[in-house]
Structures are given as structure tokens and as C-alpha cells.
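Below is one structure, written out as C-alpha cells, with a few remarks after it.
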Amino acid sequence: QLQGVRRKQTQWCSECCLKCLSGIPYASLIATILLYAGVALFCGCGHEALSGTVTILQTYFDVVRSPVDALDVFTMIDIFKYVIYGVAAAFFVYGILLMVEGFFTTGAIRVLYGDFKITTCGRCVSAWFIMLTYIFMLAWLGVTAFTSLPVFMYFNIWNTCQNTTLVESSNVCFDLRQYGIVSIGEEKKLCTASENFIKMCESNELDLTFHLFVCALAGAGAAVIAMVHYLMVLSANWAYVKDACRMQKYEDIKSKEEQELHDIHSTRSKERLNAYT
């Protein structure tokens, strides 16, 4: 008897585990993990890369922070850092909301013929998430394109440092005015023959900042892929919920008609019984 009770308990636990695992929205879970990984990589590496950029500009290009409240490159970098903080917090919350929506949608499909009723509000929420995710996908595409600009700039400098023996005969200069970092009136350039350029190439700051920007670009790309994945999941869930709603309406109409037929038959039976009496 004790073994039988243990077997029943084990079977009950296994059934509960299978039921819980079947209710997990795995597609939304994968997209959320990819989104968190991409946002963390972009925000963490981007923040440190911006800090390294400030050090490189001040140390090797002799760029000085403006004493007045002017919109110079250092002010822009500070703004970008605050934007990174906001992006990290916003998409952490947004990932949780999409996971909750995935759980509710999965539950709606699993227990379609149970007590759960799919409402018009639920379909509107799903449609709203689809529109919002599409906008965020376009925003991340823009962020990816914008992040590629410092990667391209640092790649040129890093590649020149890696091939210093080839440019010893020619004096190649990097002018910050070409990248819009300083105004046209300021002449801030660094040439390969200068001592600052040699020091910058020998330091770890250039190599680290370049690879941090590359990682930030990869994180932005991962966020774009996560948004596309979310779009596919949300579109599929919305289609399933829409079909489920139609099925529920059909079942409600069918049960109503069956109840009306039953009432008609009952009324006729009573009338025949009264007539016979």
C-alpha cells in the first residue's frame, strides 16, 4: 500500500511538472533572453566605450571640455550615457511585459474550452504590443546603424596602428573635423609621425575601446533579432487568439441554439401532455 501511494504521488508530481512545462511560452522566453543579452551587451560595452573615447580625446587629441554649457562632444557623450541608462531600464520592463503577455496567450490557447474567456481587450493588447515592437525594431535598426559609425572610425585608426611600418614613409593624419567631433574652426588632428599617435597605438585604451564598440554593435544587432523574433511570436499569438475567439463565438451560438431547441421540445411535450389530459 505504501508503494502504491508513493507511485501515485510520483505520477501526480510528474503530471504537474509536465503541465507547468507545457504552459511556458518557449518562443517568448528565447526572445526575452536574446533581448536581455543584446541590451546588456550594448549598454555595458557602449557605456565603457564612451568613457574610453573621452580619455582618448583628452589624452591624445588634446580636446578640452568647454568651460561653458556648450553642446560639445563631451556633453553629447554624457547625454548618450544617460540614454543608455534609460534604454537598459525601459527594455528590462518591456521584456517582462512581453513574457507576461506570452504566458497569458499560451494559457488562453491551452485552456480554450475551459473557464478562460478571450476578451476584446486581450486582442487589443496583443495588437498594441505588435505595433510597439515594430516601432522598437525600427529604433534598434537606427541604433545599429548609428553604432557602426564609431566602429568605422576606430577601425581606421586601429588598422593604421596595426600597419605602422607601412605608413612610416607617409604622414597620415586623422582630423576630428572630418567626423564632426569638433567645430570647423578647431584644428584637432593626430598624425602618424607624432609622438601622441605612437603612444596611443602602444596603449591598451585604443584597442579596448574599439573592441567595446564592436561588442556594442553586436548587442544592438542581437536586440534587432530579438525584436524580429518577438514580432513573429506576437503575430502568431494574435492569429491564434483571433481564431480562438471565433471558435468561442461559434460554440456559444451552437450551445444557445441547442438550448432553444431543447426549450421548444420541452414546451411541445408539455402542450401534448396537457392536450392528452
* Would you mind stating whether TRP128 is in a helix (DSSP H, G or I) and at pLDDT below 90? => yes
* Criterion (modelled with pLDDT of 80 or more, closer than 25 Å to MET76 by Cβ and surrounded by fewer than 13 Cβ atoms within 10 Å (Cβ to Cβ)) met by exactly one of PHE152, PHE197 -> PHE152
* To do: Find all pairs meeting these conditions: Cβ atoms under 6 angstrom apart; at least six residues apart or on different chains; first residue within the stretch 42-62 and within 18 Å of ILE198 (Cβ to Cβ) and open to solvent by less than 20 Å² (accessible area, probe 1.4 Å); second residue part of a helix (DSSP H, G or I) and not hydrophobic (A, V, I, L, M, F, W, C).
  => ILE56/GLU205
* Asked: Just wondering, is there one or more residues in the stretch 30-43 that are at pLDDT 90 or above and within 19 Å of MET153 (Cβ to Cβ)?
  -> yes
* Structure fact -> Of the candidates LEU206, LEU217, the one satisfying the condition of being out of contact with any Asp or Glu (no Cβ under 9 Å at 6 or more places or on another chain), open to solvent by less than 30 Å² (accessible area, probe 1.4 Å) and not in a loop (DSSP other than H, G, I, E, B) is LEU206
* To do: Evaluate the stretch 177-189: report whether one residue or more is assigned to a helix (DSSP H, G or I), at pLDDT 75 or above, surrounded by 12 or more Cβ atoms within 10 Å (Cβ to Cβ) and aliphatic (A, V, I, L, M).
  => no
* Please find, within the stretch 223-236, the residue that is nearest to PHE129 (Cα to Cα) out of those that are open to solvent by 20 Å² or more (accessible area, probe 1.4 Å) and out of contact with any Phe, Trp or Tyr (no Cβ under 8 Å at 6 or more places or on another chain). => SER235
* To do: For the stretch 68-117, enumerate the residues that are modelled with pLDDT of 90 or more and of a type in the set (Asp, Glu).
  => ASP78
* Residue check: is ALA218 under 30 Å from MET131 (Cβ atoms), at pLDDT 75 or above and touching a Gly at 6+ places or on another chain (Cβ under 6 Å)? -> no
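The values are calculated or read from the model by the stated rules, or taken from the named source; none is laboratory data. Please read these numbers as outputs of a predicted model, since none were measured by experiment. Cβ: placed from backbone, ideal geometry, glycine included. Neighbour counts: every protein chain shown. Accessible surface is based on the protein model in full, side chains and every heavy atom, while ligands, DNA and RNA are left aside. Shrake-Rupley method; radii C 1.70, N 1.55, O 1.52, S 1.80 Å.
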